[in-house]
Amino acid sequence: MLQLTQKERYLLEDQKSQEELCIKKYNNYAEQAQCPQLKQLCKQLAQQEQQHLNTINQILNGQTPNTSQQGGQQGQQQSQHQGSQSTSMQNMTTGMVNQQDADLCTDLLSTEKYVSGAYDTAIFEFRDANIRQALNHIQKEEQQHGEQIFNYMQSKGMYNPK
């Protein structure tokens, strides 16, 4: 059974809170979003955040996560990501920006940036290489979530990097 230090447990509890918040946000925003594409993206990302929460709870319960299983999930998620990216590009519009959806996306993108940064810090504090690998995997997925939100925003004229 995995023995966590007090600091490792504290960091995991913090990440657990963040994952729970992400799940709530994505589910709430899926209901509030006007655009069907954004609704679907929020639902998809809520499911992935639930997987992250399950992994964190597994570690908190003293179990080493199965990183080979996560690799398979990552491959599936990358194909989903590529599919959603091409859908985003096909749906580019020059019409008016839905401000409510833009505000939701801005909040989600800010949240993903924060959560990814928190994982970056946590990864360096763990002694066990398997846990570091699991947290690194989650962090990469958080970055992919941010990229998907960014791509959606850019395709809808909500975000224009200059």
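Data table
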read-out: Nonlocal amide H pairs with THR64, under 5 Å, H built at 1.01 Å; value: LEU2
read-out: Cα shape, the range 110-152, gyration tensor, a/c 1.5 rule; value: oblate
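Every number here is computed from the coordinates shown, using simple stated rules; none is lab data. Everything numeric here is computed off the predicted structure, so don't read it as measured data.
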